[in-house]
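Asks: Before we start, here is the structure in question, set down as structure tokens.
The values are calculated or read from the model by the stated rules, or taken from the named source; none is laboratory data. All values reported here derive from a predicted model rather than from experimental measurement. Positions of Cβ are backbone-derived with ideal geometry, glycine not excepted, and every protein chain shown enters the neighbour counts.
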Amino acid sequence: MATLKERDELVIWHPFTQQKNRLPVIPIVRGKGSWLYTDEGTGLLDAISSWWVTLHGHAHPYIAEQLYQQALQLEQVIFAGFTHEPAVALAEQLLPLLPNAAKRVFYSDNGSTSTEVAIKMALQYWWNLTPADATNERNIILAFNNSYHGDTFGAMSVSDRSVFTLAFHEKLFDVLFIDTPTNDNIAATLDLIAEKGHQIAAFIYEPLVQGAGGLKMYPASLLNQLLYALQQQQIICIADEVMTGFGRTGQLFASQHLTYQPDIICLSKGLTGGTMALGITACNQRIYDAFVNDDTYKTFFHGHSFTANPLACTAALASLHLLLQPECLQQIAWITEQNQLFAQQIDSLDGIKQVRTLGTILAFEIDKGKDEYLNNIGTRITQLGLTQQVYLRPLGNTVYIMPPYCCTPTEMQRIYQCLQTIIDYSAKGIL
Ligand SMILES: *Cc1c(COP(=O)(O)O)cnc(C)c1O
């Protein structure tokens, strides 16, 4: 009998993976809490929440039970012309929690579709507002260098031109890219906005932490200045909270660290507690109103087969219920505190640089080789982590953790211990 590994090698094409000479994949047969278990029974502590999605731990019994009950009741229904309890209840419960007074939820399937929807909403907003005999002047989209908003074409277009997008550059639409704000560049960026603002339709940003770009963090005070200037010119602001949403940055949403709020918020990843795929694009009244019209051409012609899938919405409701329990909010605050303590402890150590933390996220760079995604030191760090039963997946030389909120003190200790070993190895030059 062929093993699962061998069968996989014959039929599967894995994401973000060079198939040639790839490392053997690890068969996972079950999960519980912060742990994943291999077919050999080895436990792996999931320190990155399985690509930033798992909030309450794997195979959570409450989410599983809710899903089971919903699956017996209604598993799927077309969402044009029909509605159902899980979709409405989720929107009702989520909207008041969003910091931007969002009034409407548009469902889709994942993070990339949630940003695609936001970009299309923003562009069509200006198109809808332009009288038939006039030309629409607002057609520039503004985005950050080093950003990541997903893998579909619109999402790629507003993402950094990087190794991820290299093969498609000539097919991506033009975007005006600016650096994330620093004290040195903020004045020049504000000048640019003053000059070009009347042509800018929308600005899309990952608030405070750029995820796939290497967990790069930038200050709320400077983002506030930017958002203020953009909103003075009515530019639609789109916060891509696909990664930062649902407590990762210490607040329920990263935008809560900010004074100025976006018109649109994109959510996915932790939305269902990491149980299944679901995306949300939540917009305020201003955006929504531009689509409510006697003119059929002003309809938002967008939707996916599985829009608002009842099972996905049910998982999201169950996850939200768990997230809002005092114990979970205390856990987020506790991990935040532990991260701050650990960051202080390692801040001036040799072998690493740029130690940073926000909420439950902690990251640093290994001071070796180039600061880039293709730096293959990350693979060696993953291997080293596995020997300590901790699963890490650095982005190039950026090592980070983003643990599930159910991590116990012993589990967090194990993760920090593993990071300490990596730092020691790096300092000794033996990574
Ligand atoms: C992961 C991510 C996306 C894409 O989400 P998918 O579900 O992988 O399509 C978009 N934006 C941000 C900020 C992300 O971290």
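Asks: In the stretch 249-275, which residues are within 13 Å of the ligand (Cβ to nearest atom), closer than 16 Å to L322 by Cα, in contact with a helix residue (DSSP H, G or I) (Cβ under 7 Å, 6 or more places away or on another chain) and of a type outside the set (V, I, T)?
Replies: Correct list: K269, L271, G274.
Asks: A further question on this structure: Can you tell me which residue is farthest from the chain's Cα centre (by Cα) among those in the stretch 22-72 that are among the hydroxyl-bearing types (S, T, Y) and in a loop (DSSP other than H, G, I, E, B)?
Replies: In this case the residue turns out to be T42.
Asks: In the stretch 16-59, which residues are in contact with a helix residue (DSSP H, G or I) (Cβ under 9 Å, 6 or more places away or on another chain) and within 16 Å of the ligand (Cβ to nearest atom)?
Replies: S49, W51, W52, V53, T54, L55 - these are the residues of the stretch 16-59 that are in contact with a helix residue (DSSP H, G or I) (Cβ under 9 Å, 6 or more places away or on another chain) and within 16 Å of the ligand (Cβ to nearest atom).
Asks: Filtering the stretch 142-153 down to residues that are closer than 16 Å to K171 by Cα and in contact with a Phe, Trp or Tyr (Cβ under 8 Å, 6 or more places away or on another chain), which residue is nearest to the ligand (Cβ to nearest atom)?
Replies: Taking the candidates together, the pick is D151.
Asks: Collect the residues in the stretch 147-181 that are among the small types (G, A, S) and free of Cβ contacts under 8 Å to residues at least 60 places away in the same chain, keeping them in residue-number order.
Replies: Within the stretch 147-181, G154, A155, S157, S159, A167 meet the criteria.
Asks: Within the stretch 181-234, count every residue that is under 22 Å from A363 (Cβ atoms), touching a Gly at 6+ places or on another chain (Cβ under 9 Å) and either of a type outside the set (A, V, I, L, M) or not assigned by TED's automatic domain parsing to the domain that holds H149 (or both).
Replies: Qualifying residue count, the stretch 181-234: 2.
Asks: Of the residues that sit in the stretch 225-241 and are under 19 Å from T189 (Cβ atoms) and within 16 Å of the ligand (Cβ to nearest atom), which one is surrounded by the fewest Cβ atoms within 10 Å (Cβ to Cβ)?
Replies: C237
Asks: Test T244 against the criterion of being within 14 Å of the ligand (Cβ to nearest atom), assigned to a loop (DSSP other than H, G, I, E, B), in contact (Cβ under 8 Å) with a residue 60 or more places away in the chain and hydroxyl-bearing (S, T, Y), and give yes or no.
Replies: Values: within 14 Å of the ligand (Cβ to nearest atom): yes; assigned to a loop (DSSP other than H, G, I, E, B): yes; in contact (Cβ under 8 Å) with a residue 60 or more places away in the chain: no; hydroxyl-bearing (S, T, Y): yes.
Criteria not met by T244.
Asks: Okay, moving on. Hey, A282 hits all of (1) part of a strand (DSSP E or B); (2) touching a Cys at 6+ places or on another chain (Cβ under 7 Å) but one; which does it fall short on?
Replies: (2)
Asks: Could you tell me whether any residue of the stretch 352-364 is in a loop (DSSP other than H, G, I, E, B), out of contact with any Leu (no Cβ under 8 Å at 6 or more places or on another chain) and either among the basic types (K, R) or not assigned by TED's automatic domain parsing to the domain that holds P27 (or both)?
Replies: Taking every residue of the stretch 352-364 in turn, none turns out to be in a loop (DSSP other than H, G, I, E, B), out of contact with any Leu (no Cβ under 8 Å at 6 or more places or on another chain) and either among the basic types (K, R) or not assigned by TED's automatic domain parsing to the domain that holds P27 (or both).
Asks: Here is a follow-up. So for the stretch 302-315 (the condition being free of Cβ contacts under 8 Å to residues at least 40 places away in the same chain, buried (at least 21 other Cβ atoms within 10 Å of the Cβ) and assigned to a loop (DSSP other than H, G, I, E, B)), does at least one residue qualify?
Replies: no
Asks: Working carefully through the options L166, L90, L129, find the one that is within 17 Å of N284 (Cβ to Cβ), assigned by TED's automatic domain parsing to the domain that holds Q199 and either buried (at least 21 other Cβ atoms within 10 Å of the Cβ) or away from the ligand (no atom under 16 Å from the Cβ) (or both).
Replies: On inspection, the qualifying residue turns out to be L129.
Asks: Quick one: what pairs do we get from the stretch 410-431, first residue without any contact (Cβ under 8 Å) to a residue 60 or more places away in the chain, second hydrophobic (A, V, I, L, M, F, W, C) and not in a loop (DSSP other than H, G, I, E, B), C-beta under 9 Å, 6+ apart or different chains?
Replies: So the pair list comes out as Q417/V390; T421/L384; I422/I352; I422/I366; I422/I381; I422/L384; I422/V399.
Asks: Another question, then. Output yes when any residue across the stretch 121-130 is free of Cβ contacts under 8 Å to residues at least 12 places away in the same chain and aromatic (F, W, Y), and no when none is. If you could, list the steps in order and put the result at the bottom.
Replies: Filtering the stretch 121-130 down to residues free of Cβ contacts under 8 Å to residues at least 12 places away in the same chain leaves 127, 130.
After this cut, where a residue has to be aromatic (F, W, Y) as well, the list is 127.
Yes, because at least one residue in the stretch 121-130 is free of Cβ contacts under 8 Å to residues at least 12 places away in the same chain and aromatic (F, W, Y).
Asks: Still on this structure: Tell me, please, whether a residue that is surrounded by fewer than 24 Cβ atoms within 10 Å (Cβ to Cβ), more than 23 Å from the chain's Cα centre (by Cα) and free of Cβ contacts under 8 Å to residues at least 24 places away in the same chain can be found in the stretch 200-215.
Replies: Within the stretch 200-215, not a single residue is surrounded by fewer than 24 Cβ atoms within 10 Å (Cβ to Cβ), more than 23 Å from the chain's Cα centre (by Cα) and free of Cβ contacts under 8 Å to residues at least 24 places away in the same chain.
Asks: Something else now. Return the residues of the stretch 379-431 that are of a type in the set (A, V, I, L, M, F, W, C), assigned to a loop (DSSP other than H, G, I, E, B) and more than 22 Å from V53 (Cβ to Cβ); say none if nothing qualifies. Talk me through it step by step, then tell me what you get.
Replies: Going residue by residue through the stretch 379-431, those that are of a type in the set (A, V, I, L, M, F, W, C) are 381, 384, 386, 390, 392, 395, 399, 401-402, 406-407, 412, 415, 418-419, 422-423, 427, 430-431.
Going one step further and asking which of them are assigned to a loop (DSSP other than H, G, I, E, B), we end up with 392, 402, 406-407, 430-431.
Scanning the stretch 379-431 gives I430, L431.
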